[in-house]
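Take a look at the structure below.
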Amino acid sequence: MGRQVRLTADALVLVGFLARLVRPPAHWLSGLVGAGLFSSGATGTCGRAVLLARLPSNRPPKDTRPFEETLTRLASA
C-alpha cells in the first residue's frame, strides 16, 4: 500500500509540474500533494491510503480465509 501511495503522490506532483508549463496555476496541484504528505506525516493518518484501499484490486477475494484460521492450520500441521 505504501508503494501505491508514493506512486500516486509522485505522479500527481509530476503532472502538476508539467501542467505548469502549459497552465501556470497548475503548480498548485503539486503544492496540495505536498500539503497532504505533510499532514499525513504530522497526524499519522493517510487519506490517500484509505482511498486506495477501497479499490477492487486492493481487496482480498471473497473466499479468503481469516488470518487466524491460517495460523491455526499451520500450527497443527
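The values are calculated or read from the model by the stated rules, or taken from the named source; none is laboratory data. Because the structure is a prediction, the values reported are computed rather than measured. Virtual Cβ from ideal backbone geometry, glycine too; neighbours counted across all protein chains shown. In case anyone asks, the SASA skips ligands and DNA or RNA and just uses the protein heavy atoms, side chains included. Shrake-Rupley method; radii C 1.70, N 1.55, O 1.52, S 1.80 Å.
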Practice task
Return the pairs, sorted by first residue and then second, in which the second residue is charged (D, E, K, R) and surrounded by 14 or more Cβ atoms within 10 Å (Cβ to Cβ), the first residue lies in region 27-41 and is assigned to a helix (DSSP H, G or I), the beta carbons are less than 7 Å apart, and the residues are 6+ apart or on different chains.
Solution key: H27/R20; G36/R48
Practice task
Take region 32-77 and flag every residue that is touching a Leu at 6+ places or on another chain (Cβ under 7 Å) and of a type in the set (V, I, T).
Solution key: V33
Fill in the blank from the handout: Only one of L37, L7, L18 is open to solvent by 80 Å² or more (accessible area, probe 1.4 Å) and modelled with pLDDT of 90 or more, namely L18
Completion exercise
Of those in region 42-53 that are assigned to a loop (DSSP other than H, G, I, E, B) and of a type outside the set (S, T, Y), the residue surrounded by the most Cβ atoms within 10 Å (Cβ to Cβ) is C46
Fill in the blank from the handout: In region 54-68, anything assigned to a helix (DSSP H, G or I) and surrounded by 10 or more Cβ atoms within 10 Å (Cβ to Cβ) is listed as N58
Practice task
Inspect region 8-24 for any residue being outside any helix (DSSP H, G or I) and within 14 Å of the chain's Cα centre (by Cα) and give the result as yes or no.
Solution key: no
